[in-house]
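See below for the structure under consideration.
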Amino acid sequence: EDIASPVIERPSVVIALNGPSLVKFEKRVRPGGLLIWNSSLVKVPPTRTDLKIVDLDATRISLDEGTERGANMAALGALLSLKPHIVSRPAVEAALDEVISARNLKHNQVNIRILHAGSEAVKQLVDA
């Protein structure tokens, strides 16, 4: 059975964690939108000039916390700092205990550390 998923043709925010995603979705972001890209893995940077583009070394942030699997959490932390009205960081942290499977709950603390590190990294980029 097919699983329905929402399709947004012109999103205002895109997080591109790899090259193929950047190629596919950069052109779809609305003018004036936000594009967060993982400069750890994406070798060709975005080219649009009508977006707020954030270069986030998401995989390195994750590796600094001891795992290569948390780049998505670093990017989410960055997004929450840039767009705090979407959802609060405490709400995301609390949701982890509810949405993560029992066998993966042990990873929540590292995920929260990566979330914070992504948030702090983007604050430094924006303040620079």
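Would you confirm, using the coordinates I've provided, whether ALA75 is part of a helix (DSSP H, G or I) and in contact (Cβ under 8 Å) with a residue 60 or more places away in the chain? Full working, then the answer.
Values: part of a helix (DSSP H, G or I): yes; in contact (Cβ under 8 Å) with a residue 60 or more places away in the chain: yes.
Yes.
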Mind checking which pairs have a first residue in region 54-65 that is over 11 Å from TRP37 (Cα atoms) and a second that is hydroxyl-bearing (Ser, Thr, Tyr), Cβ under 9 Å, 6 or more apart or different chains? ARG60/SER39; ARG60/SER40; ILE61/SER40; SER62/SER40; LEU63/SER40
Can you tell me how many residues in region 62-72 are open to solvent by less than 20 Å² (accessible area, probe 1.4 Å) and not in a loop (DSSP other than H, G, I, E, B)? 2
Can you tell me which condition LEU22 does not meet? The list is (1) more than 19 Å from ALA74 (Cα to Cα); (2) modelled with pLDDT of 95 or more; (3) in a helix (DSSP H, G or I), and all the others hold. (1)
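Can you tell me which residue within region 78-119, out of those that are among the charged types (D, E, K, R) and without any contact (Cβ under 8 Å) to a residue 40 or more places away in the chain, is surrounded by the most Cβ atoms within 10 Å (Cβ to Cβ)? Outline the logic, then answer.
As a first pass, look at region 78-119 and keep what is among the charged types (D, E, K, R): 83, 89, 93, 97-98, 103, 106, 113.
If we keep only those that are without any contact (Cβ under 8 Å) to a residue 40 or more places away in the chain as well, we get 89, 93, 97-98, 103, 106.
Details: ARG89: 16, GLU93: 14, ASP97: 9, GLU98: 6, ARG103: 7, LYS106: 9.
Among residues in region 78-119 that are among the charged types (D, E, K, R) and without any contact (Cβ under 8 Å) to a residue 40 or more places away in the chain, the one surrounded by the most Cβ atoms within 10 Å (Cβ to Cβ) is ARG89.
Could you check how many residues of region 42-61 are hydrophobic (A, V, I, L, M, F, W, C), surrounded by 12 or more Cβ atoms within 10 Å (Cβ to Cβ) and in a loop (DSSP other than H, G, I, E, B)? Full working, then the answer.
At the first step, the residues of region 42-61 found to be hydrophobic (A, V, I, L, M, F, W, C) are 42, 44, 51, 53-54, 56, 58, 61.
Subsequent filtering for residues that are surrounded by 12 or more Cβ atoms within 10 Å (Cβ to Cβ) retains 42, 51, 53-54, 56, 58, 61.
From the residues that got through so far, the ones that are in a loop (DSSP other than H, G, I, E, B) too are 42, 51.
Of the residues in that region, 2 qualify.
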Here the residues within region 11-21 that are open to solvent by less than 30 Å² (accessible area, probe 1.4 Å) and of a type in the set (A, V, I, L, M, F, W, C) are VAL14, ALA16
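Do the conditions hold for VAL42, that is, is it closer than 16 Å to GLY77 by Cα, in contact (Cβ under 8 Å) with a residue 24 or more places away in the chain and not hydroxyl-bearing (Ser, Thr, Tyr)? Steps first, answer last, please.
Numbers: closer than 16 Å to GLY77 by Cα: no; in contact (Cβ under 8 Å) with a residue 24 or more places away in the chain: yes; not hydroxyl-bearing (Ser, Thr, Tyr): yes.
So VAL42 does not fit the description; no.
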List every residue pair whose Cβ atoms sit under 6 Å apart, with the two residues 6 or more apart in sequence or on different chains, where the first one lies in region 22-39 and is open to solvent by 70 Å² or more (accessible area, probe 1.4 Å) and the second, anywhere, is modelled with pLDDT of 95 or more and acidic (Asp, Glu). PRO31/ASP50
How many of the residues making up region 78-99 are assigned to a loop (DSSP other than H, G, I, E, B), among the hydrophobic types (A, V, I, L, M, F, W, C) and farther than 14 Å from LEU115 by Cα? 1
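The values are calculated or read from the model by the stated rules, or taken from the named source; none is laboratory data. Values in this document were obtained by computation on a predicted structure and should not be read as measured data. Positions of Cβ are generated from backbone atoms using ideal geometry, with glycine treated the same way; all protein chains shown enter the neighbour counts. Just so you know, the surface numbers come from the protein's heavy atoms only, side chains and all, with ligands and any DNA or RNA stripped out. Shrake-Rupley method; radii C 1.70, N 1.55, O 1.52, S 1.80 Å.
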